[in-house]
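Please treat every number below as a calculation from the coordinates, not as lab data. Treat the numbers as computed from the prediction; the structure is a model and nothing was measured. Note that we place each Cβ from the backbone using ideal geometry, even for glycine, and neighbour counts take in every protein chain shown.
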Amino acid sequence: MRQLRLAGIFMTAFLMASCGHTALDGPKMADGGLLFVEDGDRLTAFDPASGTSTWSAPDVLMAPGLGRGFRLAPTSGSPRLIALDPTSGGEVAAMGVPNGLTLRVASSTGRSVALVSGGESSVYDPVARDHTTIVVAKPDEGTMKRFELKGNFEPEAFSTDDSKLYMIEYVNDDMTRYRVRMMRIHSGDVLPIGRLTKAAPDIMRGIGRTQVYSPDASVLYTLYTKQPPNTAHRDASDIINKHQVHAFVHVLNLDEDWAHCIDLPMPFGLDTDPATLLTISPDGSWLYAGDGRRIAVIDTYEQAVSNLQKTDEVSGSAKALVGPDERLYVGDGSKIEIFDGGTLDPIGTFEVPAGIGALGMSTDGLRLFVGGEHQVFVIDSKTGAELTSMRAPGADRILFTAARD
């Protein structure tokens, strides 16, 4: 595969956090990196070599690239927005913000964070409203701007230079039709975003299922299906228009201000479980999307599907990742299937000691980390042999970043 020049590579993996830690034998998991574990509403940082917890805090929003964390701390007056150092968890900046706000997105620079009034929501689970209040705060400067927008907007990402906030605007009551808008933070002007293809529609239909950033955090990919919530997909044989698209990847370029949709070919997105697998190669060249029965390989340079293959059926809770060896790992139940990342030819299968609730990999690609209900099993990625394990409570995911210079 081709290599992509990236400035600040990070990778996202899924793992479980350790309570009674057992140091790993043999090579280190990572050389000076940081391991951030999300368990419900709490984030905990770990030394990846020893598994020792270094700090923990509730309701932390990590910036893309993991260079800064943010949290809201209640006080007797207005809440404090706190910026956290990712290594120590120490407070590096703080400021008061109005009541009634929740954290939404942070910029990749770690300088800006967007908050929204009206409780929890996201592009995966939007809420109905005819007016949106957004606050963009910069804790290092102690400044903020408040924007009152007519319509239903959901902040999605900042531009790479922090000058713009990209938002999803829902244009119908059931929030299945949307368009992408960008707000210039200096002026508050809300404008259409550029489109890579002139004929691309302004308003699109779909429900966001999952997202992943490119390794340099300059592009945000979102997997959408046209399946409304709680409505089963139709069988492919019921589709009259065989060229109709029921799933696509939305590409949002945060550096060049354009969006694009990569259609996933039929029958992608027509199965009972919605498409929920999305992962990217460590060099950012290839994106993988799965809907439970097939996997699509997307060339991120060409902005097109380069391969589509049927696979063994997996559940909606399956996990996937791409290793530095350019192999695709898909975990479901107690089985991990391994594919060639380019051809999607099957390479092998591992049976693991427990049902897979989370899946991760060391940066050198030598070890797989399989999160069970109460343990993390460390597996040799080449042989499938269990190397060791750690006691661990349940966790949603881990964010891993390599050491910074």
Give me P(r) over segment 29-161, computed from all C-alpha to C-alpha distances, binned every 10 Å, as integer percentages. 12, 41, 33, 11, 2, 0
By per-residue mean of other Cβ atoms within 10 Å, what is the highest-first order of 152-160, 86-94? 152-160, 86-94
How large is ³J(HN,Hα), in whole Hz, for each residue of segment 379-384 in order, when computed from phi with the Karplus curve 6.51 cos²θ - 1.76 cosθ + 1.60 and θ = phi - 60°, using x for Gly and Pro? 10, 5, 5, 9, 10, x
When the convex hull of its Cα atoms is projected in every direction, mean area for segment 301-357 (nm²): 4.7 nm²
Taking amide H positions as placed 1.01 Å from N in the peptide plane, with prolines and chain starts having none, which residues 5 or more places from residue 156, or on another chain, fall under 5 Å of its amide H? 166, 167, 168
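Suppose R0 equals 30 Å; then what is the FRET efficiency for residue 326 and residue 195 from their Cβ-Cβ distance, rounded to the nearest 0.05?
Computed FRET efficiency for residue 326 and residue 195: 0.45.
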Once phi for every residue in segment 281-292 is put through the Karplus expression 6.51 cos²θ - 1.76 cosθ + 1.60 (θ = phi - 60°), the whole-Hz ³J(HN,Hα) values, with Gly and Pro written as x, are 5, x, 8, x, 7, 10, 10, 10, 10, x, 10, x
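Which length gain, in nm to one decimal place, applies between residue 383 and residue 91 when the Cα-Cα distance is subtracted from 0.36 nm times their residue separation? If you can, show how the numbers build up before the last one.
Working: separation 292, 0.36 × 292 = 105.12 nm, distance 4.31 nm.
Between residue 383 and residue 91, full extension yields an extra 100.8 nm.
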At q = 0.25, 0.27 Å⁻¹, what log₁₀ I(q)/I(0) does a Debye calculation on the Cα points of segment 103-180 give, no solvent, two decimals? -1.22, -1.36
With 5 Å bins from 0: P(r) over segment 153-200, alpha-carbon pairs, percent: 5, 21, 26, 23, 17, 7, 1
In order over segment 332-344: 3J(HN,Hα) from phi, Karplus 6.51/-1.76/1.60, θ = phi - 60°, whole Hz, x for each Gly or Pro, gives 8, x, 10, 10, 10, 9, 10, 10, 5, x, x, 8, 6
